[in-house]
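First up is the structure itself, then whatever we jot down about it.
The values are calculated or read from the model by the stated rules, or taken from the named source; none is laboratory data. These numbers were taken from a predicted model, which means no experiment stands behind them. No Cβ is skipped: glycine too gets one built from the backbone with ideal geometry, and neighbour counts run over all protein chains shown.
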Amino acid sequence: MPGPTLSDVRAALDSFDWDKWRKDLAGQYGEWYEGTLHDAASKAAREYHATWHDDSPFVRRFANAYIGERIRQIEATTREKVAAIIAKRFEDAEQGLSVTELGEVLKKTFAEFSRSRAQTIARTETAMAINHGRLMAYAVAGFEFVLVSDGDHDEKCDRAHGQIWSITYALAHPIQHPNCVRRFSPVARETLPEDFTPDDPED
């Protein structure tokens with residue numbers, strides 16, 4: 001009896017309760033992200049004698065939009081990686097798997113992947129949440145620009161190091177890659193030339 005085809009793999013993935021998974025992840029990830037962001041923002045705001053309000057419309061809009069986008073990205077990556085893991089298990093199997101067995105492999109693989117994925121997300125995105133929080137605090141304190149501190153043998157990171165970006169651009173590019181060491185410090189407008197324009201790269 002022939003084993004499952006690529007169509008069977010896709011059908012199995014599509015049959016997974018993605019709505020529940022997405023809702024659960026949004027709740028867990030959203031709570032963690034907002035907590036990390038607000039903690040970083042509060043500390044930075046105190047450092048620059050500003051008052052931080054975590055319920056401001058700007059913060060809510062940014063956080064909600066960012067969380068929604070990250071959940072979509074994480075779901076797409078998860079589907080890809082789980083499918084690849086399952087395909088590899090098919091290749092390694094001495095005997096073909098039935099469609100029923102495919103379902104069991106999918107459940108087991110997804111559980112294993114979800115645990116490791118959660119750890120990866122936490123490590124990778126802590127820097128993003130912290131940088132978002134600090135950047136928002138700088139904006140609340142009246143700053144418009146930040147100095148980029150970066151450089152870890154990555155070409156784009158090395159190029160960004162020492163540049164002065166607008167806070168808007170920095171919010172959209174808090175890190176370059178997983179485990180990135182990028183940090184920002186505020187730059188007062190009065191210390192810059194009158195004709196200054198930020199070094200915001202073209203995307």
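See the values below:
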item	result
Considering residues of the stretch 139-187 that are farther than 27 Å from S56 by Cβ and of a type in the set (K, R) only, the residue farthest from the chain's Cα centre (by Cα)	R159
Close pairs (6 angstrom Cβ cut-off, 6 or more residues apart or separate chains): closer than 15 Å to A127 by Cβ in the stretch 30-56, of a type in the set (F, W, Y) and part of a loop (DSSP other than H, G, I, E, B) anywhere	A41/W52
Filter result (over 18 Å from W32 (Cβ atoms) and in a helix (DSSP H, G or I)) within the stretch 54-83	P57, F58, R61, A76, R79, E80, K81, V82, A83
Residue that is farthest from G133 (Cα to Cα), among those in the stretch 157-203 that are in contact with a Gly (Cβ under 6 Å, 6 or more places away or on another chain) and assigned to a helix (DSSP H, G or I)	D158
Criterion (more than 19 Å from Q176 (Cβ to Cβ), crowded, with 16+ Cβ neighbours inside 10 Å and at pLDDT 85 or above) met by exactly one of A83, A129, A139	A139
Search result, residues across the stretch 27-49 that are hydrophobic (A, V, I, L, M, F, W, C) and surrounded by fewer than 18 Cβ atoms within 10 Å (Cβ to Cβ)	W32
Filtered residues of the stretch 147-203 (kept if within 23 Å of A65 (Cα to Cα), surrounded by 15 or more Cβ atoms within 10 Å (Cβ to Cβ) and without any contact (Cβ under 8 Å) to a residue 40 or more places away in the chain)	W165, S166, I167, Y169, A170, H173, Q176, D200
